[in-house]
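What follows is a single structure, written as C-alpha cells, with notes after it.
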Amino acid sequence: MRAAWYEKQGAPKDVLIVGQMDDPQPRAGEVRIRVAFSGLNPGDVKKREDAFGVGMPYPRVIPHSDGSGTVDAVGDDVSRDWVGRRVWCYGAQSYRPFGTAAEYTVVPLKLVVELPKGVPLEQGACLGIPGVTAHRAVHVGGSVKGKTVLVQGGAGAVGSCAVRLAHQAGARVIATCRSESDKGIASRAGADEVLLTGEDLVKRIRALAPDGVNHIVEVAFGANIKTDTEVLAQGGSIATYATNTPMPETPVWQLVFVNARLFFVGSDDVPAEAKIEATRDINNALEAGWKGLDIAEIVPLDQIAHAHELVEQPAKPGRVIVSIS
C-alpha cells in the first residue's frame, strides 16, 4: 500500500516520507478500512514535531488518528456484515503506531462508526478528535439541558462541534469568535448568540446571562480564565481542552467563591463509554441535518508535508484533510 510515515521527528518536509508498505491485516476484533480521506489535527502536528518532548513512541509512525473510507476486511469475532460499509474512525494513531495516512488502516471495531447515508466521506474524516473532544467538553460536568453554555472559540473545529452538540442537548449557547467572518460558522452550528472577543466582552456576556453562564467550553485557558471566572454562575463549570500558555495564572479565590468546577479534557483519554456516546450524538446531529465542519483544503497524499504546513500556519478557517484514493 501507499503510505506516509516518519521515523524521526521534525519539520514536515524533513521527516515525512511517502512510499510503499505491506498491506496490514486485521486481527481478532479489528477491521481494515480502505481509506478515502485522512483527517489532520493539531495533535498530529504536535506528535510529529515532538512538541511535548516525549520522543518517538514507535520506530515508524503513520500519522493521523481520524479518517474515513470503506471496510474491506474484518478479523475474527467481527461480523462480515461490516464489509462494504462506509465508515469514519477515530483513535487510529492513539497509542498505536499506524494511523490513517495510508491506503489501508486497521483499527479495533470499537473505534469505527458507520457514516450516515448522504454524508460525504470528506466530512467523515473531520469528525473524530474534534467531535469526541467537543462532546466531552460539553457533557463532562453533567447535563446542559436548559442551561446556558459559553463556547470560547466557537468557530474552530472543536468549538463549532461543541456549539452544535450543546444546542442539540437543549442548552442555550453563547459563542465567541475573533472575526466577523467567523461568526457565520458559529451561527450555522447552532449558537443562539455570537459575540466577537475584545473590549467589554464580560459586560456583553453578562448582558445576555445576568445570572452567569452555567458551563464554559474553553479553547485558551490561560488567555480566557479571567473572563471565564467573571461570567461563571454560582456552581458553574469550565471544561478546557487547550491553553495558550502551559502555566497560566488562575484566580483561585474568585473560583472558590463561586464553587466552580474545572475539568481538563484530552481526547485520547476520554473514557471509552463517553467516546461511544459522542459518536452516537455526532451521527444524530448529522442525520438531523448538521452539515459538519468546514473544509479548508483537500491535499493529496503525495503532498502530506504541505498539509501539515497548512495546519501549522492556517491560510483560512476550516479542516485540512488528505486525499488517499
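We did not get these values from a lab; they are worked out from the coordinates using the rules stated. If you're wondering where the values come from, they're calculated on a predicted model, not measured in any experiment. All Cβ positions, glycine included, derive from the backbone under ideal geometry; neighbour counts span all protein chains shown.
If you average the alpha carbon positions of the stretch 217-248 and of the stretch 293-325, how far apart do those two centres end up, in angstrom?
29
Expected output is a single nm value to one decimal: the length gained when fully extending between R188 and K13, i.e. 0.36 nm times separation in residues minus the C-alpha distance. What is it?
Additional length available on full extension: 59.4 nm.
May I ask you to derive the relative contact order of the stretch 205-282, considering only C-alpha pairs under 8 Å and at least 6 residues apart, and to give it as an integer percent?
29
Find how much the distance from S94 to M1 grows on full extension, using 0.36 nm per residue of separation minus their present alpha carbon separation; answer in nm with one decimal.
Gain on stretching S94 to M1: 31.4 nm.
With a cap of 15 neighbouring Cβ atoms within 10 Å, and only residues DSSP puts in a loop, list the chymotrypsin sites (Phe, Trp or Tyr not before Pro) found in the stretch 1-78.
Qualifying residues, ordered by number: F52.
From the helices alone, meaning DSSP H stretches of at least four residues, give me the mean residue ellipticity at 222 nm for the chain, per-run term -39500 (n - 2.57), in deg cm²/dmol to the nearest 500.
For the chain, the value works out to -8500 deg cm²/dmol.
Please report the net charge: other residues with Cβ closer than 14 Å to the Cβ of D76, K and R +1, D and E -1.
Net charge around D76: +1.
Please get the size of the charge dipole for the stretch 130-268, origin at its Cα centre, with Cβ charges of +1 on Lys and Arg and -1 on Asp and Glu, quoted in debye to the nearest 20.
The calculation lands at about 340 debye.
At a Förster radius of 56 Å, what calculated FRET efficiency corresponds to the Cβ-Cβ distance of H306 and S79, to the nearest 0.05?
FRET efficiency, H306 to S79: 0.90.
Would you calculate the separation in nanometres between label points at W253 and K316, each defined as 7 Å from the Cα along the Cα-to-beta-carbon direction?
5.0
Can you tell me what the convex hull of the Cα atoms of the stretch 130-268 projects to on average, as an area in nm²?
Answer in nm², one decimal: 7.4.
Where a ≥ b ≥ c are the square roots of the eigenvalues of the C-alpha gyration tensor, would you call the stretch 170-241 rounded, which needs a/c under 1.5, or, failing that, prolate if a/b is larger than b/c, or oblate?
Rounded is the answer for the stretch 170-241, as its axis ratio a/c remains below 1.5.
Taking the highest mean first, how do the peptides 246-259, 159-172, 191-204 order by number of other beta carbon atoms within 10 angstrom per residue?
Taking the mean over residues of other Cβ atoms within 10 Å, the ranking is 159-172, 191-204, 246-259.
Subtract the Cα-Cα distance of R280 and T245 from 0.36 nm times their separation in residues, and report this length gain in nm to one decimal.
9.3 nm
Residues with beta-carbon under 15 Å from that of G118, excluding G118: net charge, scoring Lys, Arg +1 and Asp, Glu -1?
Net charge around G118: +1.
Pairs to check: K110/K316; K46/K183; K291/K316; K46/K117; K183/K203; K13/K110. Give those whose C-alpha atoms are more than 24 Å from each other in this structure.
K110/K316; K46/K183; K46/K117; K13/K110
Please report, in debye to the nearest 20, how large the charge dipole of the chain is about its Cα centre when each Lys and Arg carries +1 at its beta carbon and each Asp and Glu carries -1 there.
Magnitude of the dipole: close to 480 debye.
Please report, to one decimal in angstroms, the Kirkwood hydrodynamic radius of the chain built from all distinct Cα-Cα pairs.
20.2
When DSSP beta bridges are limited to those with both residues in the chain, what percentage is antiparallel, rounded to the nearest 5?
DSSP beta bridges in the chain are roughly 55 percent antiparallel.
Pick from N244, N41, N214: which is most flexible by mean-square fluctuation in a GNM of the chain where alpha carbon atoms under 10 Å apart are linked?
Residue with maximal mean-square fluctuation among N244, N41, N214: N244.
Within 12 Å, Cβ to Cβ, of F221, how many net charges do the neighbouring residues add up to if Lys/Arg are +1 and Asp/Glu are -1?
It works out to a net charge of -2.
Farthest toward the dipole's positive end in the chain, which of P42, N283, V219, given Cβ charges of +1 (Lys, Arg) and -1 (Asp, Glu) about the Cα centre?
Of the options given, the answer is N283.
What is the helix-to-structure angle for 272-287, meaning the angle in degrees between its Cα long axis and the longest Cα principal axis of the chain, kept from 0 to 90 and rounded to the nearest 10?
90
If you place +1 on the Cβ of every Lys and Arg and -1 on the Cβ of every Asp and Glu, how big does the dipole about the Cα centre of the stretch 1-158 come out, in debye to the nearest 20?
Dipole about the Cα centre, nearest 20: 460 debye.
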